[in-house]
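Nothing in this text is a laboratory measurement; each read-out follows from the coordinates by a stated rule. Nothing here was measured: the structure is a model prediction, and the numbers come from that model. Note that we place each Cβ from the backbone using ideal geometry, even for glycine, and neighbour counts take in every protein chain shown.
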Amino acid sequence: MNLTVAGAPHLPPITTVGAVMRQVLYALVPAVVAHVWFFGPGILFQITLAVAFALGFEAAMLRLRRVALRPFLTDCSAIVTAVLFALSVPPLAPWWVALTGMLFAIVIAKQLYGGLGHNLFNPAMVGLAAVIIAFPIDLSQWLAPRSLSAGLPGVWESAVAIFTGRLPDPMSWDAISQATPLDALKTGVAENRMVAEIRDAPIFGDFGGLGWEWIANFYALGGFWLLYRRVISWHVPVAVIGTTILVSTPMWLIGPDINPSPLQHVFSGALVFAAFFIATDPVSGCGTMRGRLLFGAGVALLTLAIRRFGGYPDGVAFAVLLMNMAAPMIDRLTRPRTFGHPRGERP
Amino acid sequence: MADFDIGNQLHRFPGGLKLRHHKQIACREPLRPAPLPSRLVLPLAQHQGPAGELLVEVGDRVAGGQPLTRARGDREVPIHAPTSGTVVGLDDVEVAWPPGGRAPGVLLEPDGEDRFDRSDRPADWKSEAPDALIECLRTGGLAGLGGAMFPTAAKLRGPFPPIRALILNGSECEPYISCDEMLMRERPAAIVEGARILARAIGAEEVVIAIEDQMGAVRKELNAAIRATDPDVPVRVVQVTTIYPEGGEKQLIQVLTGQEVPHDGLPQDLGLVCLNVATAAAARDIVVDGRPVVERIVTVSGPGIARPCNLVARLGTPVAALIEAAGGTTGPIDRLVLGGPMSGLPLASDRVTITKGSNCILALRQEDTARRQPVMPCINCGECVRVCPASLLPQTLFKHLAAEDYEEARDLNLFDCIECGCCAHVCPSHIPLVDHYRHGKGVLRERGIEDARAELARARFEAREQRLTEREAERQRKREQRERKLRDADAAKDEVRAAIERARARARGGSTGDGE
Ligand code: SF4
Ligand code: SF4
């Protein structure tokens, strides 16, 4: 009998990195569908472009680092980064946005730090921050959601816009460079208008922005599924959304004219998306459960601060990157008490 | 001692896993004896600790139950002839641990008569002194039959605080293993009687038998057995939910009492002794039947076994013989495991034989063990943290061990890892975490760096020594005091007596004078 002598456990682990990453991709499907419904097919081009660039960069870097290509290309981690990035940029952003974003995300943030598992920063958010800073104009060209514009660009128009950087003829520039609800809010408040007044604008829906709030719901749907499948733990989403509500409620009660309501905070911008898909990135986040609570709370607080005081309408990307820096420290401070050790003792 | 209930309210231990238990497949047939092989191979040490002193020579004819070694202390456990026959060799034999390793053993050729000598046993254990009972168990070769093989006498006798309760562990939480369940089904009365004997031996006020919630029928049978015997010590059955590794002593105690066994302590410090149900049944066999530990129930199971079953096997039976008795294999076997799939020992060969702690033989095929991906870097997903019952940070330990930073790992309480395998089982990167921990512990031990626990154990030991010396000094002081007092009293008495004498003498002197 030819027996293998290997350490316990003797059954293979129940999951793989690839399986975990694929679940994240599946969980994004509802939100992508909603996105297409409200903003047209541009997002599909963005996803395709970003995935292609990401895989290309990943393969090139793995080759340069002389690492086996197969396991790392099939682990789907680069694809997840690409999709998360694509979901954060305007649907008609020109192709060089995806190229630059993936260059920063995959080459610099991920591979130069040592590849999968070694990156300190969330690659998708590094890519996003890079393009926000590099192409501020391109990154502010948002489409108006479906019911507001005369018609959404079709597949052909989207392709032309993305690949030439020029917008299709029948569409007016105006309809495209719509301010996002958070933009509108920020400039409105700066012009001393009241939140209720600003919110009368057609781009606002019941809680957040028109369309946006629905997309947020679909992100949450995918997020719940990830929770159910135990791909993510509840700590980060609860901390992000809980802290947002906890902090924005008193501010809103004190100054409802200049502070948006907690629901608006939650349902605008990338907050729900970040709560379930971005701040839950394991590699650049916290590994202890209490650390995850702190991490999520930090993301929420920084996002609120940037929305209120910063130069960008939404600060999720920067908030996540800042918290990435703090994560190792938080992990160290939140080590659990080992079983059987006296209370209060921490290794 | 902390104040707590036992089993009235169930608690949770951190982490753990719900696993598919695969137990039914081996429970379809009733228990049956495994055929006696043509040769029994018996390692001298079948327990944690040094082997006993050898008592036989090649060529000796022995009766079943006859001791082959003698224990010189509580940490040594004797072995006995599992049947009558001839000693045909004293040699190094293949053992399960280390895999492929060899250790001194006895080769015994059965004569087929299966003649048994009853060993000394009390006429009536109910009137036997606790210490005599423990002595009887010790010479009967009792060691933890749950798999750990810890010498039972050492667990029962020691400088412990008074023992409040005996916990019998019937929650075998590892997948596939069902030997304890079968035992509880078929010999509930033996377990209950064994429990009463053990309770008497340690002076426990009550016995709690913990079983899993999936063993519904077992509960009824145990309860019937409890009602059938006289209630000198209360015995209760408590059902616990099945979560791996609940069968771990510390986890079970936490579930039953909410208390954590201190990392540098023992259950006895909480006033508890925890033993396996099989150990209790064996205790009964030793004390009541005069039959030392010569056989045990072994689950032979796994996808590689044709007819999974539970067999009563004489110690020393080769694994290969048991597999044959279970209908052979279904095809090529990739791995043989002694114990369960989560924490069992890999066997290097099927010539290894059954010893006191061999609860399960698991045969796995290539497709059962194949991994779907190579080992990848840790992605810090925290799954391992979520499931660790010791509340460790497995990924951080791994990081330091991979960087050969062993001291840091020790400071992160590496030695509190119970090697349950939960972390490795959920790791999406397929990192063999437990191998790293074992290796790390080995390196630290080798370097002679005492781990934190050993240090604390030593501190405890020293504190105890000091307590004992102090107690002795105190006793000495009291004795001297008493003696002095006695002496003083004597002196006082002497004085009184002298005074009386003097007075008498005076009186006598007068009268004498008068009289003379
Ligand atoms: S489960 Fe594996 S990949 Fe996840 S944190 Fe633990 S060691 Fe790392
Ligand atoms: S093997 Fe050790 S580190 Fe891993 S889960 Fe079990 S106790 Fe925790």
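Only one residue of B:L412, B:T396, A:V24 has its Cα farthest out toward the positive end of the dipole of the protein assembly as shown, where Lys and Arg carry +1 and Asp and Glu -1 on Cβ, and that residue is B:L412. Restricting the calculation to Cα atoms, region B:1-146 shows an Rg/Rh of 1.07 when the hydrodynamic-style radius is the Kirkwood one. Filter the DSSP H helices in chain B by two things, a Kyte-Doolittle mean of at least -1.0 and an axial alpha-carbon span of 15 angstrom or more, and list the hits by number. Going by DSSP H runs, the hits are B:188-202, B:216-228, B:433-446.
For A:R22, neighbours were defined as the other residues whose beta-carbon sits under 12 Å from its Cβ, and their charges (Lys and Arg +1, Asp and Glu -1) total 0.
Kindly express, to the nearest 10 degrees and within the range 0 to 90, the angle between helix A:235-254's C-alpha long axis and the longest C-alpha principal axis of chain A. Roughly 40 degrees between the two axes.
Which order, highest average first, do A:98-107, B:114-123, B:360-369 follow once you tally other Cβ atoms within 10 Å for each residue and take the mean per peptide? Can you show the working numbers first?
Working: A:98-107: 25.0, B:114-123: 14.5, B:360-369: 21.7.
Ranked from most to least packed, the peptides come out as A:98-107, B:360-369, B:114-123.
Going 7 Å from the Cα of B:D269 along its beta-carbon direction, which residues of region A:309-347 have the amide nitrogen within less than 18 Å of the resulting point? Flagged as within label range: A:337-347.
Filter B:K399/B:K441; B:K18/B:K250; A:K110/B:K399; B:K126/B:K250; B:K155/B:K441; B:K155/B:K250 down to the pairs with a C-alpha to C-alpha distance above 22 Å, please. Before the final figure, lay out the partial values.
Values: B:K399/B:K441 15 Å; B:K18/B:K250 18 Å; A:K110/B:K399 19 Å; B:K126/B:K250 30 Å; B:K155/B:K441 25 Å; B:K155/B:K250 15 Å.
Exceeds cut-off: B:K126/B:K250; B:K155/B:K441.
Expressed as a fraction of 2.2 N^0.38 Å, the value expected for a compact globular protein of N residues, the C-alpha radius of gyration of region A:86-140 is 1.11. Potential lengthening of the chain between B:K478 and B:R506 amounts to 6.0 nm, from the contour at 0.36 nm per residue minus the alpha-carbon distance.
Roughly how crowded by other chains is peptide A:330-339, in terms of the mean Cβ count from those chains within 10 Å of each of its Cβ atoms? All intermediate terms of the calculation are to be shown ahead of the outcome.
On the way: counts 0, 6, 2, 0, 1, 7, 7, 4, 13, 19.
So the per-residue partner count for this stretch is 6.
Counts of other chain beta carbons within 10 angstrom of each beta carbon in peptide B:370-377 average 6.
When only Cα pairs below 8 angstrom with a gap of at least 6 residues are kept, chain A shows a relative contact order of 17 percent.
For chain A, state the semi-axes of the equivalent ellipsoid (square roots of 5 times the eigenvalues of the alpha-carbon gyration tensor), sorted largest first and rounded to whole angstrom.
That gives 35, 27, 17 Å for the three semi-axes.
The angle separating the long axis of helix A:42-64 from the principal Cα axis of greatest extent in chain A is about 30 degrees.
Mean per-residue shielding of peptide B:385-392 is 5, counting Cβ atoms of other chains within 10 Å of each Cβ.
Place a +1 charge on the Cβ of each Lys and Arg in chain B and a -1 charge on the Cβ of each Asp and Glu, then give the dipole magnitude about the Cα centre in debye, rounded to the nearest 20.
On the way: 67 positive and 74 negative charges, 150 e Å.
The dipole magnitude comes to about 720 debye.
Taking only Cα atoms, what is the 0 to 90° angle, nearest 10, from helix A:316-333's long axis to the longest principal axis of chain A? So the helix axis and the longest Cα principal axis differ by about 30 degrees.
Each of B:T152, B:Y176, B:A224 was placed along the dipole of region B:145-226 (beta-carbon charges, centred on the mean Cα), and the one lying farthest toward the positive end is B:T152.
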